[in-house]
Structures are given as C-alpha cells and as structure tokens.
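The values are calculated or read from the model by the stated rules, or taken from the named source; none is laboratory data. For clarity, every value in this text was computed on a predicted model and none was experimentally measured. Please note: Cβ atoms are built from the backbone with ideal geometry, for glycine as well, and neighbour counts cover all protein chains shown. The protein model used for the area step is the full one, side chains on, heavy atoms only, and it has no ligands, DNA or RNA in it. Shrake-Rupley method; radii C 1.70, N 1.55, O 1.52, S 1.80 Å.
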Amino acid sequence: MRPSLEVADIFRAAGPAYRNAHAGHLSLTQLKAMTAIETCRTAALGGHVEACEDCGHWRIAYNSCRNRNCPKCQGAAARTWLAAREADLLPVGYFHVVFTLPAQIAAIAFQNKVLLYDLLFRAAAQAMMTIAADPRHLGARIGITAVLHTWGSALTHHPHVHMVVPGGGIALDGSRWIASRPAFLLPVRVLGALFRRL
C-alpha cells in the first residue's frame, strides 16, 4: 500500500523551486539524488509488464532508480540487512552510539571521502574498544556493528557513524561475560575526549 505522501511527491512539488533558490549551493551528488528520487518508478525511467502465469492478470511496473539515497529503492535492502543483523543479536540489551565528524573536518571529508571516512570508523571503534576494555569502566572486549551516514536529515553533508553495541562484553581473559549496567554502557565525556584525540 502506497503511503499518502512520499519524499518523491515533495521533491516533485517543491524540488524545482528549491533548486532555483539554492542554485550554486547544491552539490552534483545532491542534485542527482533529488532527480533520481523524483523519477523513481515513473514512466521517465521506463517500465516492464508483470504478469501472473496462473490467472493471467498483468500490470505495468515502472523501473526503479536504484540510487542509494532513494527511500523506495533502499527499503527492501534495509529490511534484508536488518533481518541478517537480527539473526546475530545476543540476548542482551543494546546501546545506540553516534560519533560525528566536527564541521571543519567534515568539509575536508567531502573531498577526501575514502581516507576520512575510514579514519572516522577507526577512531570511533578504537575509542569504544579502548574505554570498554578499561577496568575502571567495563573491563571487557565488546562487539560493534557500525554504519556510516554521510547526509543529515536536512540532506546536507554530515558524516557520522551509528553504532549498535551490546550491553556488555567478554572479560579480557576470555573467562566470562561482563554485563553493563542496564541504562549505562560507557561514559560519554570519556568517549568523546578519546575520540577527539584520535
């Protein structure tokens, strides 16, 4: 069932005026994403006929844009990824942790994506693992699932890493599970300070 309003509807209605008002301030990547979302699953991208071999019912299905920023195209991929990750979950609570590049470095990252996104992942993971291993905090080796987001909710370049971290880890000697407190994993200020240093 189609929702009453989609991102594509908003882009088609307000996109041309928005692009005119922000001419020269939108990147080629942003413009391509907007166009892809606007034309996704419309006649503009062509289509094909789908038919049921049993009852003979047929319909025209329009092609998708396959843009990684398109909510229609990435919905199925996101559900598949989520199902695979859910199969890996431990029977413990989880924490959501976000590490963001400072604005000054984010501007540099836009031109040096591979190098700086890799550095963002490494620094975030190292900060989490170092503080978690410290006996003053958790004293354990932890697992992390991390995902890079390069755009913010305002569709501006805003590189940040989302992490899903189990509420505990394996003791440093490998002998047992060490659970974190139910509503507290690691101190945010200590994590932030180490992340900035790294």
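Rolling a 1.4 angstrom probe over the range 45-198 with all protein chains present gives an accessible area of which 59% lies on carbon and sulfur atoms. Compute the angle between helix 28-39 and the longest alpha-carbon principal axis of the chain, please, reported from 0 to 90 degrees and rounded to the nearest 10. Relative to the chain, helix 28-39 is tipped by roughly 50 degrees.
Both radii were evaluated on the Cα set of the range 7-80; the Rg over Rh quotient, with Rh as the Kirkwood radius, amounts to 1.11.
Residue 32 contributes an accessible area of around 120 Å² to the protein surface, as traced by a 1.4 Å probe with all chains present. The convex hull defined by the C-alpha atoms of the chain has an orientation-averaged projected area of 16.4 nm².
Taken about its Cα centre, the range 132-198 carries a charge dipole of roughly 180 debye when the Cβ of each Lys and Arg holds +1 and the Cβ of each Asp and Glu holds -1.
Dipole orientation for the chain: of the candidates 84, 193, 98, 193 has the Cα lying most toward the positive pole (charges on Cβ; Lys, Arg +1; Asp, Glu -1).
Shape call for the range 44-112 from the C-alpha gyration tensor, a ≥ b ≥ c root eigenvalues: rounded (a/c under 1.5), prolate (a/b greater than b/c) or oblate? Oblate is the answer for the range 44-112, as a/c is 1.5 or above yet b/c matches or exceeds a/b.
In this structure the amide hydrogen of residue 158, modeled in the peptide plane, comes within under 5 Å of the amide hydrogens of 151, 152, none closer than 5 places in sequence on its chain.
Net charge in the neighbourhood of residue 38 (other residues with Cβ under 12 Å of its Cβ; Lys, Arg +1, Asp, Glu -1) is +3.
Three principal axis extents describe the C-alpha atoms of the range 89-196; from largest down they are 45, 23, 22 Å.
Mind checking the angle between helix 7-21 and the chain's longest principal axis? C-alpha axes, 0 to 90 degrees, to the nearest 10. Long axis of 7-21 versus the principal axis of the chain: about 90 degrees.
Over the chain, dividing the summed -39,500 (n - 2.57) contributions of all DSSP H runs of at least 4 residues by the number of residues returns a 222 nm mean residue ellipticity of -13500 deg cm²/dmol.
For helix 113-133, what angle does its Cα long axis make with the longest principal axis of the chain, in degrees from 0 to 90 and rounded to 10? Approximately 40 degrees, to the nearest ten. Each of 180, 175 has its accessible area taken with a 1.4 Å probe; listed largest first, they run 175, 180.
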